[in-house]
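Presented below is the structure to which this report refers.
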Amino acid sequence: MMKQDDHLMTSRRFVPMFFTQFFGALNDNVYKQALLLVITYGWIQQQSAPISTLNNLAALLFILPYFFFSATAGQIADKYERSQLIRFIKILEIVIMLIGTAGFLLGNLWLLLFALFLMGTHSTCFGPIKYAILPEILKPNELMSGNALFQSGTSIAILLGMILGGAVIASSEGNLLWISVTVVTIACLGYLSSRFILPQKIASPDLKIDWNFIRTSFQTLSYVKKIPVVFMILLGNSWYWFYGATYLTQIPQLTQQNLHASENVVSLLLTFFSVGIGVGSLLCRKIGGSDINIKMVPYGAVGLTVFALYLAASLAFVPERTGELLNLKDMFTQGLVYYHVMIAVTLLGISGGFYIVPLYAMMQAYSPRSHRARVVAANNILNAVFMVSSAIFSILILSILKIDIKILFIITAVLSAFFSIWLLKRLQPLLANVPHTLED
């Protein structure tokens, strides 16, 4: 890691924000993974719908707040002092996890799903603040490093969250008290970290908040469309979430149907992908330099296409199997083709780090200071739209048209190539004509 990155990880300006974000992402994924497992294995008895329906409902409930509340959250983050807002949001997280605890201990599925919706709302409110605050606490030449560390930390938190959630559920043998203690403890750690975030200058104290979320959502999107360079950056960010959702959602099915492997192999592939994103994020800063620039994005875009095709080709050579599913050891002993799959997934993660870190840094740098949190809110709305579109797209290909998952990966890779070429052709001339920071 670069010396500047080491400096940031000891900085009073950065470290409290880093760990507040880390514990928030960790708790999101511990709770979601635990909920999916208790639904899948029937430890909540009042399930009146098929498991697949409940799992998809859970995913939808977590995304819905991004549609409803992002624009309002952006306004609040621009109007009020952000360190106080973060502490308030972290107190709410503790309350939400206590509601989730009641759901676990009472065996009440709908209370658990309600807590999941509230966690999505918590993340929606925190999102505009965390990305708007980075340009305030970091110097311009630290912004690439800060975003690289943020993305790496988030990837590690997501991975640890999924592993920890699964491990606590598996080792507790149906006693849901332990997962309850885990999520409440992590929420408390997040609040403790937030206590050390430095006070921030209020971006737009005279802003009058419009509580009509439909109107404000359209107004927020209309505002960013008037700044072409910012709007194109947001579209690039959102494509990453479409692409990532398309691949990550299919990993369990890919593992079972194409690799003929067990649930542990799902975790293995997710680990390789998450580690890849973390490595790519840090390499992006090391190779691309500290200046805010786009030069690593084309490399990431090429990787997202080439390594997706590599993954599809690797899957085509996986031998047909019957009988017992492959375990973790088998993935390393049953032939080179499985190594190709693992390498392809890792390289996809690294490419994603190359692609997304510069775009997030540019989003923050080129957003007008008084509207920065609302720009992040617009980004969250577009991300949610693209992620839902990814789900519909995948259902169309896999369930309605009954096309093989390898073909879905190839189609997505080709679409990514066309989108990236279009994005870079539009974005590069815009970047050449704007200063490093847009003023109001």
ask   = over 21 Å from the mean Cα position of the chain (by Cα) and either part of a helix (DSSP H, G or I) or polar (S, T, N, Q) (or both) - does that describe any residue in the stretch 372-392?
value = no
request  = Quick one: Val279 ticks every box in (1) modelled with pLDDT under 85; (2) surrounded by fewer than 21 Cβ atoms within 10 Å (Cβ to Cβ); (3) assigned by TED's automatic domain parsing to the domain that holds Ile411 except a single one, so which number is it?
outcome  = (1)
query = Taking the stretch 145-163 only, how many residues are surrounded by fewer than 21 Cβ atoms within 10 Å (Cβ to Cβ) and under 15 Å from Asn264 (Cα atoms)?
reply = 2
request  = Test Gly276 against the criterion of being assigned to a helix (DSSP H, G or I) and in contact with a Cys (Cβ under 8 Å, 6 or more places away or on another chain), and give yes or no.
outcome  = no
query = Can you tell which of Ser281, Ser267 is under 24 Å from Val230 (Cα atoms) and touching a helix residue (DSSP H, G or I) at 6+ places or on another chain (Cβ under 9 Å)?
reply = Ser281
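Looking at the structure I just gave you, is Gly244 small (Gly, Ala, Ser), touching a residue at least 24 places away in the same chain (Cβ under 8 Å) and touching a Ser or Thr at 6+ places or on another chain (Cβ under 7 Å)?
When the stated conditions are applied, Gly244 does not pass them.
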query = Under the condition of being more than 28 Å from Leu134 (Cα to Cα) and not aliphatic (A, V, I, L, M), which residue from the stretch 369-394 is modelled with the lowest pLDDT?
reply = Ser394
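Determine whether the stretch 191-202 contains at least one residue that is within 22 Å of Arg87 (Cα to Cα), hydrophobic (A, V, I, L, M, F, W, C), assigned to a helix (DSSP H, G or I) and assigned by TED's automatic domain parsing to the domain that holds Leu106. Give the steps one after another, and end with the answer.
Filtering the stretch 191-202 for residues within 22 Å of Arg87 (Cα to Cα) gives 191-202.
Now narrow it down to the ones that are hydrophobic (A, V, I, L, M, F, W, C): 192, 196-198, 202.
Still in the list and also assigned to a helix (DSSP H, G or I): 192.
Of the ones still in play, those that are also assigned by TED's automatic domain parsing to the domain that holds Leu106 are 192.
There is at least one residue in the stretch 191-202 that is within 22 Å of Arg87 (Cα to Cα), hydrophobic (A, V, I, L, M, F, W, C), assigned to a helix (DSSP H, G or I) and assigned by TED's automatic domain parsing to the domain that holds Leu106.
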ask   = Since Gly174 meets every condition but one in (1) more than 23 Å from Arg87 (Cα to Cα); (2) in a helix (DSSP H, G or I), which condition does it not meet?
value = (2)
request  = Report yes if some residue within the stretch 361-371 is farther than 24 Å from Ile63 by Cα, assigned by TED's automatic domain parsing to the domain that holds Gln256 and within 16 Å of the chain's Cα centre (by Cα); otherwise report no.
outcome  = no
query = Looking at the stretch 203-217, which of the residues that are assigned to a loop (DSSP other than H, G, I, E, B) and among the small types (Gly, Ala, Ser) is nearest to Ser83 (Cα to Cα)?
reply = Ala203
note = For Phe242, the lone unmet condition from (1) buried (at least 16 other Cβ atoms within 10 Å of the Cβ); (2) assigned to a loop (DSSP other than H, G, I, E, B) is (2)
query = If we keep just the residues of the stretch 245-267 that are surrounded by fewer than 21 Cβ atoms within 10 Å (Cβ to Cβ) and among the aliphatic types (A, V, I, L, M), which is farthest from Lys329 (Cα to Cα)?
reply = Leu248
key: Residue list for the stretch 355-404, restricted to those being within 21 Å of Lys295 (Cα to Cα) and among the small types (Gly, Ala, Ser)   = Ala361, Ala365, Ser367
inquiry  = Being surrounded by fewer than 20 Cβ atoms within 10 Å (Cβ to Cβ), modelled with pLDDT under 85, more than 19 Å from the chain's Cα centre (by Cα) and in a helix (DSSP H, G or I): is that true of Asn293 here?
reply    = no
ask   = Out of the residues in the stretch 329-369 that are touching a strand residue (DSSP E or B) at 6+ places or on another chain (Cβ under 9 Å) and either assigned to a helix (DSSP H, G or I) or among the charged types (D, E, K, R) (or both), which is nearest to Leu431 (Cα to Cα)?
value = Tyr338
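The values are calculated or read from the model by the stated rules, or taken from the named source; none is laboratory data. Quick caveat: nothing in here was measured; it's all calculated off a predicted structure. Backbone-built Cβ (ideal geometry, glycine too); neighbour counts: all protein chains shown.
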